[in-house]
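Q: Okay, here's the structure, questions in a sec.
No value in this document is a laboratory result; all are computed from the given coordinates. Fair warning: this is a prediction, and the values are worked out from it, not measured in the lab. When we count neighbours, we look across all protein chains shown, and the Cβ atoms used for this are built from the backbone with ideal geometry, even at glycine.
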Ligand code: GRG
């Protein structure tokens, strides 16, 4: 079995080619919109959500061609959320993945349409090819991604985030915000990868527990990095949360306790998939990567 770094690099390279094929060519009309979609999705990002989908798919013995489409659907939703989040009406940022944000490189109207079109393409990918032997299960997958990205998931979390500027949230309130804003899509990535194979409800529940913990850990680490790392390392503007007067795990707990919280969530995620033995190896390694990452 390849070591973790080889596994990550192979999947990242392979997945980049898949995204290139799935995104409309910049030579097809409307060329500017297609160019902006490709600019926003390709050549950047850690691809954490697709990697989680691939790891869960491997655990569930899923057909990798099916997982490719599920992983791409999640990554397109993620890319759309970043494009919209960076717009002047939201976080108003100029740097993402080490390059100019979509509305800076293109224009605001195009950035809005990029998000819209990426979201539609995500659901097209989930519905146009066979991803499960049972049609009802594939419908559930569509619902899962819709719920995770909508007002009861990521978009809802973003709404809470926008409303929280300048406010002092309690720890449970902050957790609710991030479970939706960041956690919901990470959880969906894992479940969608798993749904491409065949697992029992009990096994899916264990993966969901892992996803919930690692989704939150991802955000706690993001807050610590926003506080500690520099812009060049992150590829996005560092220190934005403090600058925008946003509550974070660091402002609420302090750096040391935020790091402790990430460690506790990390351990809980590992415990959730203990029963899968070596089949959960990639999920374990990804949990380590998410908590130890430096960007
Ligand atoms: C606009 C509906 C809507 C939602 C936006 C995801 C999000 C919600 C906003 C992004 C702002 C942000 C910094 C969130 C914190 C965690 C997060 C999602 C970071 C970015 O994800 P990474 O680190 O990014 O996986 P890459 O570039 O590696 O894909």
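Q: Only Cα pairs within less than 10 Å get springs; with that Gaussian network setup on the chain, which residue of 90, 37, 177 has the largest fluctuation?
A: Ranking 90, 37, 177 by mean-square fluctuation puts 90 first.
Q: Reported to two decimal places, what Rg/Rh ratio describes the range 167-279 when computed on Cα atoms with Rh from the Kirkwood expression? Mind showing how you got there, number by number?
A: Numbers: Rg = 15.6 Å, Rh = 15.1 Å.
Result for the range 167-279 is an Rg/Rh of 1.03.
Q: For the range 121-168, compute Rg over Rh where Rg is the Cα radius of gyration and Rh is the Kirkwood radius from the inverse mean 1/r over Cα pairs. Please report the intermediate quantities before stating the final value.
A: Numbers: Rg = 15.1 Å, Rh = 12.4 Å.
Checking Rg against Rh, the ratio lands at 1.22.
Q: Could I ask something else about it? Considering the chain as a Gaussian network with a 10 Å cut-off on Cα pairs, which listed residue, 14, 49, 97, attains the greatest mean-square fluctuation?
A: 14
Q: For a quick check, take a GNM of the chain with Cα springs below 10 Å and name the residue from 192, 225, 131 with the largest mean-square fluctuation.
A: 225
Q: Over the Cα atoms of the range 74-152, how large are the radius of gyration and the largest Cα-Cα distance (Dmax), in Å?
A: 14.7, 44
Q: Over the Cα atoms of the range 1-155, how large are the radius of gyration and the largest Cα-Cα distance (Dmax), in Å?
A: Just the Cα atoms of the range 1-155 yield Rg and Dmax of 15.7, 47 Å.
Q: First obtain the Kirkwood hydrodynamic radius of the chain from its Cα pairs, then insert it into the Stokes-Einstein equation at 20 °C and 1.002 mPa s, and state the resulting D in µm² per second as a whole number.
A: Values: Rh = 19.3 Å.
Translational diffusion coefficient: 111 µm²/s.
Q: Return the FRET efficiency for the residue pair residue 9, residue 233: r is the Cβ-Cβ distance, R0 is 22 Å, and the value is rounded to the nearest 0.05. List each step's numbers first, then the result.
A: Values: r = 19 Å, r/R0 = 0.88.
Given R0 = 22 Å and the Cβ-Cβ separation, E is 0.70.
Q: Rounded to the nearest angstrom and ordered from largest down, what semi-axes does the equivalent ellipsoid of the range 90-217 get from its C-alpha gyration tensor (root of 5λ)? Could the numbers behind the result be given before it?
A: Numbers: eigenvalues 161, 97, 27 Å².
The three semi-axes for the range 90-217 are 28, 22, 12 Å.
Q: Starting from the Cα-Cα distance between residue 120 and residue 274, subtract it from 0.36 nm times their residue separation and give me the gain in nm to one decimal.
A: Numbers: separation 154, 0.36 × 154 = 55.44 nm, distance 3.65 nm.
Length difference between fully extended and current span is 51.8 nm.
Q: Moving to a separate point now. Specify the inter-centroid distance of the range 120-198 and the range 51-78, based on alpha-carbon positions, in whole Å.
A: 14
Q: Please sort 21-31, 63-73, 99-109 by packing, taking for each peptide the average over its residues of neighbouring beta carbons within 10 angstrom, highest first. Mind dumping the intermediate values first?
A: Numbers: 21-31: 12.6, 63-73: 22.6, 99-109: 17.5.
Top to bottom by mean Cβ count within 10 Å: 63-73, 99-109, 21-31.
Q: At what distance in angstrom do the alpha carbon centres of the range 253-278 and the range 211-250 lie from each other?
A: Cα centres, the range 253-278 to the range 211-250: 17 Å.
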